[in-house]
Every structure is written in C-alpha cells, then in structure tokens.
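The values are calculated or read from the model by the stated rules, or taken from the named source; none is laboratory data. All figures in this text were calculated on a predicted structure; none of them were measured in a lab. All Cβ positions, even for glycine, are placed from backbone atoms using ideal geometry, and neighbour counts span all protein chains on display.
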Amino acid sequence: MARVLISMPEEFLNRIDQVADGENRSRSELIREALRSYIYKQKIRESASSAKNAEILESLLE
C-alpha cells in the first residue's frame with residue numbers, strides 16, 4: 001500500500017482522531033473511508049449532470 005503525506009490544521013487532525021477513536025478505527029481507515037465516500041458522491045454528481053445534459057440535448061433536438 002502506498003503512503004501519502006498530507007498537511008492539515010492540528011484541530012482538524014484532533015477531530016479526526018476523536019472520531020476514529022470513537023469508532024474503534026485507525027486514522028488511516030477513517031480517512032480512506034471518507035475519501036471513498038467523496039469519490040462515490042462525485043461519481044453520482046457527474047452521472048446526474050450527464051443525465052441532465054442528455055435531457056437538455058434531447059429537448060433541443062425535438
């Protein structure tokens with residue numbers, strides 16, 4: 001597995017650690033899950049945008 005170094009405010013890191021501890025997960029597990037969720041939501045937004053664009057094109061071609 002690759003390792004990544006990121007910078008963030010100390011308060012943000014403290015909050016991440018609190019959530020991870022509360023869920024009995026590692027910091028890395030929590031961040032990976034957050035990124036998976038972000039990527040999934042982004043794909044949904046892109047798909048919705050594509051569907052809307054298709055509808056607009058269809059209405060223009062009618």
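General observations
- Meets criteria (surrounded by 10 or more Cβ atoms within 10 Å (Cβ to Cβ) and acidic (Asp, Glu)) for GLU58: no
- Number of the exception - ILE44 against (1) at pLDDT 90 or above; (2) in a helix (DSSP H, G or I): (1)
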